Amino acid sequence: MTQNMFAAIDLGSNSFHMVIASLENGELKVIDRIKEMVRLADGLDETEMLTEKVMKKALQALSRFGERLRHVPQKNVRVVGTNTLRKAKNSRQFLKKAIASLGHDIEIVAGQEEARLVYFGVANSIDSGNEKRLVIDIGGGSTELIIGTGFDPIMRESKYMGCVNFTKKYFEKGIISEENFRNAEIAAKQELRSSVGKFTSLGWVDVIGASGTIKSTQNILDINGWGKQEITLKGLKSIRSALIFSGKIKKIQLEGLSPDRYPVYCGGLAILISLFESLKIEKMTASDGAMREGILYDLIGRHENRDIRDNTIDVLMARHQVDVPQAERVKKTAEDIFEKLKGPWQLDEKRFLRILRWSAKIHEIGLSIAHSNFHKHGSYLVENSDLPGFSRQEQKVFWALIRSHRRRIKPHRFIDLSSSYASVGIYLAVILRLAVLLHRSREDARPLIECSADPTHLKLKFPSGFLKANPLTKADLENEKNYLEEVGISFSY
């Protein structure tokens, strides 16, 4: 197993992509790329459930990916799911099987995070200047729009329109007509309406497109002589005319368009035309970089202590005016207790300590709304905020820990977490609760405590005379005993 090998997998609504690379002298060298046309979005039925047929196809693809990943260290693999997995009502059931087939955890990211990863992938694939650029990615189930400079996005949006769902809806029975294109373009412009003013007022110098629809469009234009290494509205209309002339998807004969993209291309082209007309785009160039490259570079950053999630937590603390010294006190004590209990409570994965640290730093953000029930306000904020770098599952862990750091612990909050946190969530909550309790006076001094535990028991030992000198802490510990007993943990001190 090679420690400098990394892999990123993008579970898109149209296709699954995997890229494997080695990190050599600070530079990434791509070793392998694999693409599977799964069309997950096409497998959503009218009740927004993934069908058995598409799930079987997806699991087979993931099994093949898993075989290729055997020689990549587990910690060097990141797998991200997007729009369709956000939307599917049976996503949780599918993910259990998917994780088993692949052999790796799968994150589901929000649209804003998807947009950030797209931008990061594009920015790492082109010359990085300081001028503003508009990046557009038309996926199978959503379209991401980002304005940024260098490696930093300034504005991000994700729109629910993609090549798979638009083709399925507006080119029913595979019929290509002027009316179908018109209906699809009107729908796309309606979806874009709320964003046009914001994006055009910010402005940009260059427009860069990513992923299959745009790369295929560039290829068609180049081969047919309708464009020279750039996409224009005139060229897009030439393609549209050629498709309408075909009449049906199964009769498409368009040089430069791969047959495996025939079933989804019309919807993607309608979206692209609408983007050009709504945003008054003059020309666009296609990038080789996309979300999978963004995932890969983001993963490398985490390994090299450039984890954007740390910055996200700091920004969240500043936005909600968190008492930083208090947050630091609680974090340090939580770390200390964690180190003493990680063995008996099987908390030996680094991510458990990371999520505990972050939770300790932001456990009081709800105070920016109100002191009453601030743990409820805080849990709502972390679950529903845009937190760059974090998956939806991680935000749900934050929700459970912050909601449970005081008063009653309700086990169902942890049962509903992703499988990797479901079994340890209550233990992390207990550690956070103890750290908060020991700093309720908001003073730097705290006792040097000893901890011992087994899965159903926790024992703390304080210095002689400490509890007698601190009756309020003793009373809090007595209350805590009752709370922990409700979740099956006996507590003594």
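The values are calculated or read from the model by the stated rules, or taken from the named source; none is laboratory data. Because the structure is predicted, anything quoted here is derived from the model rather than measured. Backbone-built Cβ (ideal geometry, glycine too); neighbour counts: all protein chains shown.
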ask   = If we scan the stretch 244-264, do we find a residue that is within 19 Å of residue 114 (Cβ to Cβ), surrounded by 15 or more Cβ atoms within 10 Å (Cβ to Cβ) and touching a Lys or Arg at 6+ places or on another chain (Cβ under 9 Å)?
value = yes
query = Taking the condition surrounded by 15 or more Cβ atoms within 10 Å (Cβ to Cβ), modelled with pLDDT of 95 or more and under 18 Å from residue 113 (Cβ atoms), does residue 353 pass?
reply = no
query = Taking only pairs six or more apart or across chains, which ones have beta-carbon atoms under 8 Å, a first residue in the stretch 178-194 that is of a type in the set (Lys, Arg), and a second residue that is surrounded by 12 or more Cβ atoms within 10 Å (Cβ to Cβ)?
reply = 189/274; 189/277; 189/278; 193/278
message = Looking for something outside any helix (DSSP H, G or I), modelled with pLDDT of 95 or more and crowded, with 21+ Cβ neighbours inside 10 Å - is there at least one such residue anywhere in the stretch 167-188?
response = yes
request  = Quickly run through the stretch 300-314 and pick out the residues that are at pLDDT 95 or above and among the aliphatic types (A, V, I, L, M).
outcome  = 313
ask   = Which of the residues belonging to the stretch 480-493 are surrounded by 12 or more Cβ atoms within 10 Å (Cβ to Cβ) and part of a helix (DSSP H, G or I)?
value = 480, 481, 483, 484
key: the stretch 195-213, residues that are modelled with pLDDT of 95 or more and either more than 19 Å from residue 148 (Cβ to Cβ) or not assigned by TED's automatic domain parsing to the domain that holds residue 261 (or both)   = 213
ask   = Are any residues in the stretch 22-78 part of a loop (DSSP other than H, G, I, E, B) and free of Cβ contacts under 8 Å to residues at least 40 places away in the same chain, and if so, which ones?
value = 25, 26, 38, 45, 46, 51, 70
inquiry  = Give me the residue from the stretch 177-201 that is among the charged types (D, E, K, R) and in contact with a strand residue (DSSP E or B) (Cβ under 8 Å, 6 or more places away or on another chain) and, out of that set, farthest from residue 132 (Cα to Cα).
reply    = 191
query = Restricting attention to the stretch 189-226, and to residues there that are among the hydroxyl-bearing types (Ser, Thr, Tyr) and touching a Phe, Trp or Tyr at 6+ places or on another chain (Cβ under 8 Å), which single residue is surrounded by the fewest Cβ atoms within 10 Å (Cβ to Cβ)?
reply = 216
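Residues checked against (1) touching a Phe, Trp or Tyr at 6+ places or on another chain (Cβ under 6 Å); (2) farther than 30 Å from residue 78 by Cβ; (3) in contact (Cβ under 8 Å) with a residue 24 or more places away in the chain; (4) among the basic types (Lys, Arg):
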position	(1), (2), (3), (4)
396	no, no, no, yes
400	yes, no, yes, no
417	no, no, yes, no
454	no, yes, yes, no
472	no, yes, yes, no
484	yes, yes, yes, no
488	no, yes, yes, no
query = Listed residues 100, 115; which is among the aliphatic types (A, V, I, L, M), under 25 Å from residue 39 (Cβ atoms) and either surrounded by fewer than 24 Cβ atoms within 10 Å (Cβ to Cβ) or without any contact (Cβ under 8 Å) to a residue 12 or more places away in the chain (or both)?
reply = 100
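Residues checked against (1) surrounded by fewer than 22 Cβ atoms within 10 Å (Cβ to Cβ); (2) assigned by TED's automatic domain parsing to the domain that holds residue 314; (3) under 22 Å from residue 105 (Cβ atoms):
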{"site": "358", "(1), (2), (3)": "no, yes, yes"}
{"site": "367", "(1), (2), (3)": "yes, yes, no"}
{"site": "382", "(1), (2), (3)": "no, yes, yes"}
{"site": "385", "(1), (2), (3)": "yes, yes, no"}
{"site": "389", "(1), (2), (3)": "yes, yes, yes"}
{"site": "398", "(1), (2), (3)": "no, yes, yes"}
{"site": "404", "(1), (2), (3)": "no, yes, no"}
message = I'd like to check something: does the stretch 81-97 contain any residue that is in a helix (DSSP H, G or I), within 23 Å of residue 302 (Cβ to Cβ) and among the basic types (Lys, Arg)?
response = yes
request  = Being among the small types (Gly, Ala, Ser) and surrounded by fewer than 19 Cβ atoms within 10 Å (Cβ to Cβ) is the filter; apply it to the stretch 308-349 and report the residue that is nearest to the chain's Cα centre (by Cα).
outcome  = 318
task = Pull up the stretch 449-493, narrow it to residues that are within 40 Å of the chain's Cα centre (by Cα) and among the aliphatic types (A, V, I, L, M), then point me to the one that is farthest from residue 337 (Cα to Cα).
result = 487
